[in-house]
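K.L.:
Below are the structure tokens for one structure; questions will follow.
The values are calculated or read from the model by the stated rules, or taken from the named source; none is laboratory data. Quick caveat, the model's predicted, so the values are computed rather than measured. Counting neighbours? That spans all protein chains shown, and the Cβs are built from the backbone with ideal geometry, glycine included.
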Amino acid sequence: MAQTLSRTPVSGTATSTPAKRKPFLLDLYSTAVGKKYVMAITGIAMIGFVIVHMLGNLKLYQGASATGIYPIDTYAEWLATLLYPAVPKYGVLWLARIGLLTAAVLHVHAAYGLTVMNRRARPVRYQSSRDYQVANFASRTMRWTGVIVLLFLFWHIADLTLGWVNPGFIYGDVQMNVVNSLSRVPVALFYIVANIALGIHLFHGTWSLFQSMGWNNPRFNSWRRGLAAAVATVIVVGNVSFPIAIMTGVVTYNP
């Protein structure tokens with residue numbers, strides 16, 4: 001009598017459809033290296049914006065011209081009409097704002113993703129105090145300074161871009177809007193604290209982005225630290241000077 005042979009089920013791996021690979025950029029971003037690249041590139045973009053923004057705001061010190069027009073208002077109008085009429089008025093300006101906001105979102109998302117990955121890789125924190133002592137103050141406070149800067153960014157947009165929290169706001173009248181805003185003591189103090197936090201964040205961020213991009217070399221460490229200190233100092237001194245100058249009457253607005 002013929003014997004019926006039983007066949008064991010074929011494993012799922014033999015018949016399953018191979019998983020589709022992610023696009024290269026998404027696949028890279030899913031790794032710690034990719035997230036560090038994103039943090040470094042978006043950091044460079046935001047550092048560039050902060051420097052240009054601060055330099056533009058120095059026009060607050062020029063005062064009104066003989067015709068009563070403030071240079072910073074002329075500068076704001078120039079920004080609004082970049083590439084006009086080929087591009088609608090405010091078009092380039094809003095594209096730059098959207099680009100900056102996108103960079104900020106990617107920067108925060110990458111930082112959060114790295115934090116999650118690090119916690120999964122090391123669920124139990126080191127108990128030794130040595131690691132805490134080796135890390136400098138700027139690196140230990142990156143999360144907190146980042147949160148302060150992010151909150152300030154939202155406030156700054158609501159205050160001087162949209163005018164939601166700035167009584168008497170007039171779109172395009174930059175000198176008046178800035179003076180009215182920073183004449184309020186709580187706002188001026190928040191502006192100062194936020195920019196000190198920004199300086200601390202920029203110091204460590206500028207230092208570490210070279211390592212994230214693979215540009216670090218022991219021979220360059222001295223000038224890397226100097227560059228980080230210079231960027232942070234210039235930004236803090238420049239930005240903090242604005243509320244102080246307005247509170248002390250150095251910068252004014254006369255309609």
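K.L.:
So which pairs qualify, if the first residue must be in segment 224-235 and more than 16 Å from Ser208 (Cβ to Cβ) and without any contact (Cβ under 8 Å) to a residue 60 or more places away in the chain, the second must be in a helix (DSSP H, G or I) and not charged (D, E, K, R), the Cβ gap must be under 8 Å, and the two must be at least 6 apart or on different chains?
P.N.:
Hits for this filter: Thr233/Gly199.
K.L.:
Still on this structure: Is it fair to say Val187 is under 26 Å from Ala232 (Cβ atoms), among the β-branched types (Val, Ile, Thr), assigned to a helix (DSSP H, G or I) and touching a Leu at 6+ places or on another chain (Cβ under 8 Å)? Full working, then the answer.
P.N.:
On the way: under 26 Å from Ala232 (Cβ atoms): yes; among the β-branched types (Val, Ile, Thr): yes; assigned to a helix (DSSP H, G or I): yes; touching a Leu at 6+ places or on another chain (Cβ under 8 Å): no.
So Val187 does not fit the description; no.
K.L.:
Sticking with this one: Pairs only if they're at least six apart or on different chains, beta carbon under 7 angstrom, first in segment 96-122 and surrounded by 12 or more Cβ atoms within 10 Å (Cβ to Cβ), second in a helix (DSSP H, G or I) and among the hydroxyl-bearing types (Ser, Thr, Tyr); list them, first residue then second.
P.N.:
Listed by first residue and then by second, the contacts come to Ala103/Thr42; Leu106/Thr42; His107/Thr42.
K.L.:
Pairs needed: first member in segment 179-208, at pLDDT below 95; second member anywhere, not in a helix (DSSP H, G or I); C-beta distance under 8 Å; at least 6 residues apart or different chains.
P.N.:
Ile200/Thr141; His204/Asn136
K.L.:
Same structure again: Within 26 Å of Ala194 (Cβ to Cβ) and at pLDDT 90 or above: is that true of Tyr61 in this structure?
P.N.:
Details: within 26 Å of Ala194 (Cβ to Cβ): yes; at pLDDT 90 or above: yes.
So Tyr61 fits the description; yes.
K.L.:
Turning to a different aspect of this structure: Cβ-Cβ below 6 Å, separation at least six or inter-chain, first residue in segment 138-165 and more than 20 Å from Gly43 (Cβ to Cβ), second of a type in the set (S, T, N, Q): which pairs?
P.N.:
Pairs found: Asp159/Asn166; Asp159/Ser181; Leu160/Asn177.
K.L.:
Taking interchain pairs and intrachain pairs at least six residues apart, which have beta carbon atoms under 7 angstrom, with the first residue in segment 37-64 and under 16 Å from Ala76 (Cα atoms) and in contact (Cβ under 8 Å) with a residue 24 or more places away in the chain and the second of a type in the set (S, T, N, Q) and surrounded by 15 or more Cβ atoms within 10 Å (Cβ to Cβ)?
P.N.:
Within 7 Å, the pairs are Met54/Asn239; Leu60/Gln175.
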